[in-house]
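Remarks on the structure that follows.
Just so it is clear, none of the values below were taken in a lab; they were calculated from the coordinates. Note that the structure is predicted; figures quoted are calculated from it, not measured. Please note: Cβ atoms are built from the backbone with ideal geometry, for glycine as well, and neighbour counts cover all protein chains shown.
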Amino acid sequence: MQYRRVFIPGGSYFFTVVTEKRRPVFNNAAMVEVLRDAFRNVRKSRPFEIDAMVVMPDHLHCLWTLPSGDSDYATRWRLIKTGFTKHCDPALRQYRNASRQSRGEQAVWQHRYWEHVIRDETDFQRHVDYIHYNPVKHRLASSPIDWPYSSFRRYIEAGIYPPDWGRDGIDLEGVGHE
């Protein structure tokens, strides 16, 4: 079976992107900052909105909205992954396998990623909740506010969530992908 991605100009998409072999590449603030720089650099030439995001040690989830008339999230992901890989800690460069090494590639990322087209406001909000609750789900934080690599605080400042949101759990059935 051949997988087909859906491209909707101006659409909103939920993504899960995973490191190769689930290595904890983002287990320190310096690597998260390199990732943020990669996002900033790509957004300068290929704008998009980051509606919500969380960076976990071995994967990340984000929700993007692309500009009207633009559906090219694939190029953006390629540029973000390449930008991060070029500027990441030299210690990560040890992660090579024979086939990638012959092409000069580093095995920092899984080749593919998972995307989901956001269908409506309810779907959007459920995926935003999933993103922000992810550190609690993985037992890395007792509450979303305790995780530093998330857009959760931005949502508190906007009055969308109270600071104690998610402390007692939420219903995430059927949302997300890991």
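Ranked by Cβ crowding within 10 angstrom, fewest neighbours first, how are Ser142, Ser12, Ser71 ordered?
Values: Ser142 12, Ser12 20, Ser71 15.
Ordered by Cβ neighbours within 10 Å, fewest first: Ser142, Ser71, Ser12.
Among His111, His116, rank each residue by its count of other Cβ atoms within 10 Å, from fewest to most, as a rough exposure measure.
Ordered from fewest to most neighbouring Cβ atoms within 10 Å, His111, His116 come out as His111, His116.
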Around Asp51, which amide H atoms from residues at least 5 apart in sequence, or from another chain, sit under 5 Å from its own amide H, with H modelled in the peptide plane?
Leu63, Trp64, Thr65
Under 18 Å Cα to Cα from Lys21, which lysines show up? Leave out anything in the same chain fewer than 8 places away.
Lys81
Roughly speaking, what is the centre-to-centre gap between segment 1-69 and segment 137-170 when only Cα atoms are used, to the nearest Å?
19
Fewest-first ordering of Ile8, Ile170 by Cβ atoms within 10 Å yields Ile8, Ile170
With r defined as the distance between the Cβ atoms of His138 and Asp37 and R0 fixed at 22 Å, what FRET efficiency is calculated, to the nearest 0.05?
0.35
